[in-house]
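The values are calculated or read from the model by the stated rules, or taken from the named source; none is laboratory data. Computed from a predicted structure; not experimentally measured. Using ideal geometry, Cβ is built from the backbone for each residue, glycine included, and neighbour counts are taken over all protein chains shown. These area figures cover heavy atoms from the full protein model, side chains too; ligands, DNA and RNA do not enter into them. Shrake-Rupley method; radii C 1.70, N 1.55, O 1.52, S 1.80 Å.
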Amino acid sequence: MSPQFTLQSLILRTAAHFLLPLLLIFSVFLLLRGHNEPGGGFIAGLVAASAVALYMFALDIRSAKRVLRFEPRDLLGWGLLFGVISGVPAVFMGQPFFTSQWLELTLPVLGDLKVGTPLLFDIGVYLVVIGGVLLILLSLAEAEE
Amino acid sequence: METLMAFTVGGLFAAAIYMMLRRSIVKLVIGLVLLSNAANLLLFTQAGLLRGAPPLVPEGAMQPAGVVADPLAQALILTAIVIGFGVLAFAVVLIHRAYEVVQADDMDQMKDTDT
Amino acid sequence: MLLAVLSGFLIAAVAPWVHRGLGRHSGWALAALPAVLFIYFASFLPALREADGGRIIMEYDWIPSLGIQLTFLVDGLSLLFALLISGIGFFVVAYAGRYLEGHRDLGRFYVLILAFMASMLGLVLSSNLISLFVFWELTSITSYLLIGYNHEDAKARKSALQGLFVTVAGGLALLTGLVMMALVGGSYELHELLTSGDIFREHDWYLAILLLVLLGCFTKSAQYPFHFWLPNAMAAPTPVSAYLHSATMVKAGVYLMARLNPSLGGTEAWMLLLGLFGAVTMFVGIFLSLRSTGVKQVLAYSTVMALGTLTMLIGVGTETAMLAAMAFLLAHSLYKGALFLVAGILDHEAGCKDFLQTGGLRRALPVTTVFAGLAALSLAGVLPMFGFVAKELLFEAVLEAPALAGLFSVLAVISAVMVVAVAAIVGIRPWYGPRADTPKVPAHEAPPALLAGPVVLASLGLLFGLGAGLVDQGLIAWAAAAVYGAPVSPYLSLWHGFNLPLLLSGVSLALGLLLYLNWERFRRVTGFMEVVNRYGPEAAYEKTMAGMVWLSEWQTRVLQNGYLRYYLLTILISTVGLVMVTLLTRTDVHIDLDLSGILVHEAFIVAVLLMAALVSVTTRSRLGAVASLGVVGFCVALIYVLFSAADVGITQVLVETLTVIMLVLVLFRLPGFLGLTPMVLRVRDAIIALAVGAMMAVLKLAASTTQYADSISAYFIQESQPSGYGRNIVNVILVDFRALDTLGEIVVLALAAVGVYAMIKFRAEDRRR
C-alpha cells in the first residue's frame, strides 16, 4: 500500500472503526425511509459507498475489502437482478412490466405495513450504486499500488 | 431569481466549453464536470424555482398542501448526477489509459488511430 | 398466390440442405419448384379469359392493424412474365445443377437463383407500388450476388458492383417517381392508378415523374447510355446470364414501362424518350454485338439490342406496336434463353469462350448444333420461326409509327441486317466449317440436363411460329391489351402475304448473310470504335466513381481532421449560429429580465459559484482546479437545497465528495498543466465559449416564457400517495412511476463501473506480461 493515499492518522483510524457501522446503519435507514422522507436507494447507496471509501482512506484497501465482505462486482449483479425481478410480478398479474404490486401486512408490533415491489427495486438501486461506486474507487485505489 | 440563474448557467456553460477546447486532457475532464453541473442546473431552473416547497406529501394527507416544486425534474437530475459520476469515472480512466500510451497530456498527439 | 410468390424464398432457405442431401440430382429436384409454379400460373389462363376487364386482383392482409395489404395483379402482361420466369427458371435450375456440378458453392447458387426467381415473380405480380419497388431492389441485390458468384475473381466483383451501382442508382430515382405517382394518383395500388392516366398526363409533375421512372427502367433494362453494365455482368455463371441477363431481370424495366403505359404513355415526351432511347440502344447494341467475338459478349450485346427494340415499340405506342412488343418479348426470351444455354454447353464441353476459337463442332455435338441453329433462325427472323412473326410485326409497327417513322424504320432495318449476321455467327460459325482446335475436345454430346433447355425453348420458337394464330388468341393479345390499355384485335399470323415488311425481311436476310461472310472485314473497318469507347458511358461511370472516392476523401480530411477541439468548434459555432438566427427571426419570443426577488444569501452563493468556476478555468495548479470544482459542486448542491430539492442536494453533495476523491486518485498521476496554446487562440476560444454561454442564457430566458405542453408532473404529485403509497414524490417517481427509466440508468452506472474495472484490470495484466 502506498502511503500516499492512506492518511496515517490514529484518530481517523479509530473514528473510522466506529463510523463505518454507524454510516452503514444510517444508509439502511435512509433506504427504508426513502419512500416517505428524503432518502432512497441512490442516496443510501452513496452514503454506504462513502463510508467504505472513508474506511479505505483511514486504513487500507485490503481491510476495506475485508470489511465489505462482498465483491463490488457481485453487488452490481445482485442489484441489477433485484431491479429486474421487481418488475416481474406485474407480468403474472396481467399488468404491464414494472407495474407496482403491494402487500398489506398487519404485524403484531409494527402495526399496518405496506410491502411492495418498489421497495425491492429501491434495494436493487442501493446495491448497484454501492457496487458501482466501490468498484470504481477500489479499482482506482488498487491501481495505485 | 430565474434571470440570475439563467446567467449563472450561461457562465458555467462558458467555463465548461472553454476548458473543453483546451489541448490538455486533464482540462477536458474539468470541462466535463463543469458541463454536467451546468446541464443539471439548467434543467433544475427550467422546472421553476420555489423556495421551501419540497415535493413531499405531509403525513396522513393524500396530496401535498399547496404548490410544490416539480418532482419530475428532481428525479431526472438525481439520476443524472449519479450517472454523471459513473461516466466521468469512465472518462477519467480512459484518459489515464490514453496518457499511458501516448505519454503526453496533449490531445494533438492522439489524433492517429494507431497509436 | 402469396404462397406462390414467397415459395421461392422458402425453398431458397432450405436449398443448401437439399443440395447436400441429394447431391448431383439436386438440380432436377429444385427445378420442380419452378415447374409447379409454371403449372400454377398456367392454370390462371382459363380464369383470365372469363375475368372481368381481363384482370384478377388478389388481396392479402399484411399488417392488418395498419391497413397495409399485399395486392397481386394478374393480367395478360403479368401472366406472360410469370410464365416466362417460371418456365425458363425450370430449365435454368436443372441446367445449373449439371453445369456447376462439383462447384463448392453450388448450394449458395441455388439459394440465390431461387430467391431471384421469387423476387422477379413478386415484381411482375405486385399491384402495390411499394412492394413492387421492394421486389425490384431484391432483384438488383440477388443479381449483384449472382454476378459476383465467383467472388475470388476481381473482375467478377467489379462487374457485380458496377451492375449494382447502376441499377440501384436508377432504383432510387424510380422510388421517388413511384412515390410522386402515388401522391398524384392518390393510391399506391397499380390497378387503381392504371385507370387514371389523364390525371397524370395533365399534372405539373408529369415530366418529373416520367423522367424519374424512366431513369429506373433504363438503368435496369440497360438502355443506352446505361448499357455497359450488362455485358460486364456476363462474369456470372452462364445459367445466370441466360436467366437474369437475357430472359428475365433486364426485362423488368421493360415490364414496368409496359405496365405504366396506360398511366404515363401516349404523350409526346413518352414517345420521344422511349422511341429515341430505344432506337439508339437497339442500333448501338447490335453494332457492338457484331464487333465482339466473345460468345457471351455477342449474346449480351444482342440482348441490349432486343431491350432497345422493346423500349422503342412501347414508345411508338400503337396497337400493332404493343402486339409486336409482346410477340418480340416472347420470341426473344425463347431464343435468347436457348442460345445462352448453348453458349454454356460450348464452354462446358469444348471450353470455348470466344467464337474465334470455335468451328466444326457439329459432329461432336449434333443435337446442340440442330437446336442452336433453330434458335438462331428465330433470332434472324426466318420463316417459319416465331421470331419471323415478331419481326414482321416490328417492321409493320415502325412503318406505321405516328412520329419519326422514317428514323425508326431505317434503324430497324439496319439493325435487322446486323441481327442476321449475329444469328449466323451463333448458328453457323461454331458448328460448320473446318474443325478448330478447341481448348477441350468434346468427348460426347452434352448431358440431358444441359440439353433440355435449348431443345425445348428452340422448339417452342418453331411451334409458336407455325401456330402463331393460337398464341395470338390467348396470352399475347391479353398482354398487349394490358399494355395498350384497351382490347387488341388479334393479328398475329405467320403469313401476311407479300408486303413491305416481308420485302424488308428478305432484304435484311440477304444483306445480313453478306455481312456475316465479311465479318472479319467489318471488325477491322470499325476498329476506330475502340477510341470512342475510351470516352464512352463506361468511362464516364469510372470517372464518376473515382470522383466520388476523391470527394469523400477530401471531405473526410477536412471534417474528420482528428482534432477534438475542431470538431467541437464546428458543432458549437453552427449550433450558436442556428439558434441565434431562429431566436432573432421568431418574433413571438419574449424575454423577461426580472432581477427582483433575489435574497442576499442566494446572490452570495451564486457569486461564489461563478468565482469558483472562474478559478477552475484559470488556475495553473491541478489541485486548485479540483478544489474549486468541489466548491462549484457544493454551491450547486446548496442551490438545490434552497429551492426545495432536498434529495437532489444530498445526492449532489455525496457525488461531489466522491468525484473529488476520484479526481485526486487519478489526475495526480498525469503531468501538470502546460501552457500549450498561444494567447490569440485562447482569446478566440474564450469568445466562442462566452458566445455559447450567452446563447444558453438567452435560450433559458426565452424558454421560461414559452410552454408548449402541460407538464406531466401534476399527475405524479396527485397520485404519489394514493397509488404509489409514498410521500416522497421524487422517490416514488424513481422507483415506481418511472421505474423502467431508473432501471436503464442503473444499468448505465453498472456498465461504466465494469468498464473502469476492465480497463484497470487489463492494464495490470498487460504489465504482468
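Restricting to the stretch C:263-281, give me the number of residues that are under 25 Å from the mean Cα position of the chain (by Cα) and crowded, with 21+ Cβ neighbours inside 10 Å. Summing the residues that are under 25 Å from the mean Cα position of the chain (by Cα) and crowded, with 21+ Cβ neighbours inside 10 Å in the stretch C:263-281 gives 8.
What about C:Arg98, is it open to solvent by 60 Å² or more (accessible area, probe 1.4 Å) and modelled with pLDDT of 85 or more? Criteria met by C:Arg98.
I'd like to know if the stretch C:494-515 contains one or more residues that are surrounded by 13 or more Cβ atoms within 10 Å (Cβ to Cβ) and modelled with pLDDT under 75. Yes, some residue in the stretch C:494-515 is surrounded by 13 or more Cβ atoms within 10 Å (Cβ to Cβ) and modelled with pLDDT under 75. Restricting to the stretch C:422-450, name every residue that is at pLDDT 90 or above and more than 20 Å from C:Lys353 (Cβ to Cβ). Scanning the stretch C:422-450 gives no hits. The single condition among (1) within 7 Å of chain C (Cβ to nearest Cβ); (2) part of a helix (DSSP H, G or I); (3) closer than 30 Å to C:Asn561 by Cβ; (4) touching a residue at least 24 places away in the same chain (Cβ under 8 Å) that B:Leu42 does not meet is (3). Residue-level check: of (1) of a type in the set (A, V, I, L, M, F, W, C); (2) farther than 30 Å from C:Arg565 by Cβ; (3) surrounded by 21 or more Cβ atoms within 10 Å (Cβ to Cβ); (4) touching a residue at least 12 places away in the same chain (Cβ under 8 Å), B:Val92 misses just (2).
Taking the stretch A:116-145 as the range and being more than 14 Å from C:Ile661 (Cα to Cα) and of a type in the set (Ser, Thr, Tyr) as the test, the residues that pass are A:Thr117, A:Tyr126.
Filtering the stretch C:707-754 to residues that are of a type in the set (Ser, Thr, Tyr), under 45 Å from the mean Cα position of the chain (by Cα) and at the interface with chain B (Cβ under 10 Å from one of its Cβ atoms) leaves only C:Thr742. Set side by side, the residues B:Val87, B:Val67, B:Val101 differ, and just one is surrounded by fewer than 24 Cβ atoms within 10 Å (Cβ to Cβ) and either under 30 Å from C:Gln718 (Cβ atoms) or aromatic (Phe, Trp, Tyr) (or both), which is B:Val67. The residue that is surrounded by the most Cβ atoms within 10 Å (Cβ to Cβ), among those in the stretch C:39-75 that are at pLDDT below 80 and within 17 Å of C:Leu194 (Cβ to Cβ), is C:Gly54.
For every residue, the table says whether it meets (1) in contact with a Leu (Cβ under 9 Å, 6 or more places away or on another chain); (2) open to solvent by less than 10 Å² (accessible area, probe 1.4 Å); (3) touching a residue at least 24 places away in the same chain (Cβ under 8 Å); (4) among the charged types (D, E, K, R).
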residue: C:Ser140; (1), (2), (3), (4): yes, yes, yes, no
residue: C:Tyr144; (1), (2), (3), (4): yes, no, no, no
residue: C:Asp153; (1), (2), (3), (4): no, no, yes, yes
residue: C:Phe165; (1), (2), (3), (4): no, no, yes, no
residue: C:Leu178; (1), (2), (3), (4): yes, yes, yes, no
residue: C:Ala182; (1), (2), (3), (4): yes, yes, yes, no
residue: C:Leu193; (1), (2), (3), (4): yes, yes, yes, no
residue: C:Glu202; (1), (2), (3), (4): no, no, no, yes
residue: C:Ile209; (1), (2), (3), (4): yes, yes, yes, no
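If you scan the stretch C:393-408, which residues turn out to be open to solvent by 10 Å² or more (accessible area, probe 1.4 Å), in a helix (DSSP H, G or I) and touching a residue at least 40 places away in the same chain (Cβ under 8 Å)? Within the stretch C:393-408, C:Leu394, C:Glu396, C:Leu399, C:Leu407 qualify.
None of A:Ile136, A:Ile123, A:Ile85 is at the interface with chain C (Cβ under 7 Å from one of its Cβ atoms) and either closer than 27 Å to C:Leu740 by Cβ or at pLDDT 80 or above (or both) except A:Ile136.
Here is a check on your reading of the model: is C:Gly253 within 24 Å of C:Ala397 (Cα to Cα) and open to solvent by less than 10 Å² (accessible area, probe 1.4 Å)? Judged against the criteria, C:Gly253 is a match. None of B:Glu59, B:Glu100 is facing chain C (nearest Cβ under 8 Å) and either among the basic types (Lys, Arg) or part of a loop (DSSP other than H, G, I, E, B) (or both) except B:Glu59. Residues that are within 22 Å of C:Ala480 (Cβ to Cβ), free of Cβ contacts under 8 Å to residues at least 40 places away in the same chain and in contact with a helix residue (DSSP H, G or I) (Cβ under 8 Å, 6 or more places away or on another chain) number at least 1 in the following helices (runs of 4 or more DSSP H) confined to the stretch C:16-100: C:44-50.
Checked against (1) open to solvent by 20 Å² or more (accessible area, probe 1.4 Å); (2) aliphatic (A, V, I, L, M); (3) under 24 Å from the mean Cα position of the chain (by Cα), C:Ala32 meets all criteria but (3). Could you check how many residues of the stretch B:20-39 are in contact (Cβ under 8 Å) with a residue 40 or more places away in the chain, more than 7 Å from every other protein chain (Cβ to nearest Cβ) and open to solvent by 30 Å² or more (accessible area, probe 1.4 Å)? So the answer is 3. On inspection, C:Ile661 passes the criterion of being touching a helix residue (DSSP H, G or I) at 6+ places or on another chain (Cβ under 8 Å), over 30 Å from C:Val589 (Cα atoms) and open to solvent by less than 50 Å² (accessible area, probe 1.4 Å). For the stretch B:74-92, the criterion of a residue being touching a Pro at 6+ places or on another chain (Cβ under 8 Å) and either within 7 Å of chain C (Cβ to nearest Cβ) or of a type in the set (Ser, Thr, Tyr) (or both) is satisfied by at least one position. Among the residues of the stretch C:14-41, count how many are of a type in the set (Lys, Arg) and within 23 Å of C:Val74 (Cα to Cα). So the count comes out to 0. Scanning the stretch C:516-543 for residues that are closer than 19 Å to C:Gln162 by Cα, in a helix (DSSP H, G or I) and open to solvent by 80 Å² or more (accessible area, probe 1.4 Å) gives C:Asn533, C:Arg534, C:Lys543. Inspection of the stretch C:554-572 identifies at least one residue that is among the charged types (D, E, K, R) and away from chain B (no Cβ under 11 Å). The condition of being within 21 Å of C:Val648 (Cα to Cα) and either under 18 Å from the mean Cα position of the chain (by Cα) or buried (at least 20 other Cβ atoms within 10 Å of the Cβ) (or both) holds for only one of A:Leu120, A:Leu23, A:Leu59, A:Leu75, that being A:Leu23. Assess whether A:Ala53 counts as being at the interface with chain C (Cβ under 8 Å from one of its Cβ atoms), open to solvent by less than 30 Å² (accessible area, probe 1.4 Å) and either touching a residue at least 40 places away in the same chain (Cβ under 8 Å) or within 19 Å of A:Leu137 (Cβ to Cβ) (or both). Yes; evaluated as a whole, the condition is true for this residue. Flag not set for C:Val648, criterion: more than 7 Å from chain B (Cβ to nearest Cβ), touching a helix residue (DSSP H, G or I) at 6+ places or on another chain (Cβ under 8 Å) and either open to solvent by 40 Å² or more (accessible area, probe 1.4 Å) or modelled with pLDDT of 85 or more (or both).
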